[in-house]
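All remarks here apply to the structure that follows.
FYI, it's all coordinate maths here, none of it is from the lab. Please read all numbers here as calculations on a predicted model, not as lab measurements. As a convention, Cβ positions derive from the backbone with ideal geometry for all residues, glycine included, and neighbour counts pool all protein chains shown.
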Amino acid sequence: MADDVKRKPGRPRKERKQLVETPQAFLADDEAGITDMQAAFVWHYTEGACGQTEAARRAGFSFPASAATKMLNGNDFPKVTRAVRVKQDEMREKYAITPQKTGSMLWKIAETSFETGAYNAAVSAVKELNQLAGLTIHRSQNLNINADLQKMTKEDIKHRLNELLGVDGEMSDKDH
């Protein structure tokens, strides 16, 4: 009888989707000089999307809070601290946002969306690519003009605008 199963009181917990696929086993890292459990801690702490205590718990430590503190304080297990720093640097480099990565991603988006007929997305991606390359520049300028336009003639307004914008009022051949 399925009804005889004892349930915990309270609201049922929602199933949480795993953010990353956890490896089945962790091997000691001879290069870094850490054990299996320490390697598991380093992986869970850097890639496992959890805090230090939870990483120690998932790695199998008996007293996860104190073990995590000792692992990360730099004095008790300096090799673990070094391994965490190395892994964090690798992750930082892997997921860094660079103009090259952004450009290649935008190019893939433009090609894929054009092939599938999503022309608006393709145009937007190309527009972003042009802006990234510096081919298009969006400039706006606000000018505070303290002048009574009612009292000024058309020529006075033209002259004042040219003066503010730093443009000669007359066309000259040196512009061509």
Charge dipole (segment 50-134, unit charges on Cβ, about Cα centre) - positive-most of 64, 96, 116:
64
Once fully extended, how much extra length lies between residue 163 and residue 120, figured as 0.36 nm per residue of separation less the alpha-carbon to alpha-carbon distance?
11.4 nm
Which order do the peptides 62-72, 95-105 come out in when sorted by mean C-beta neighbours inside 10 angstrom, highest first?
62-72, 95-105
Over the Cα atoms of the chain, what is the Rg over Rh ratio if Rh follows Kirkwood?
1.32
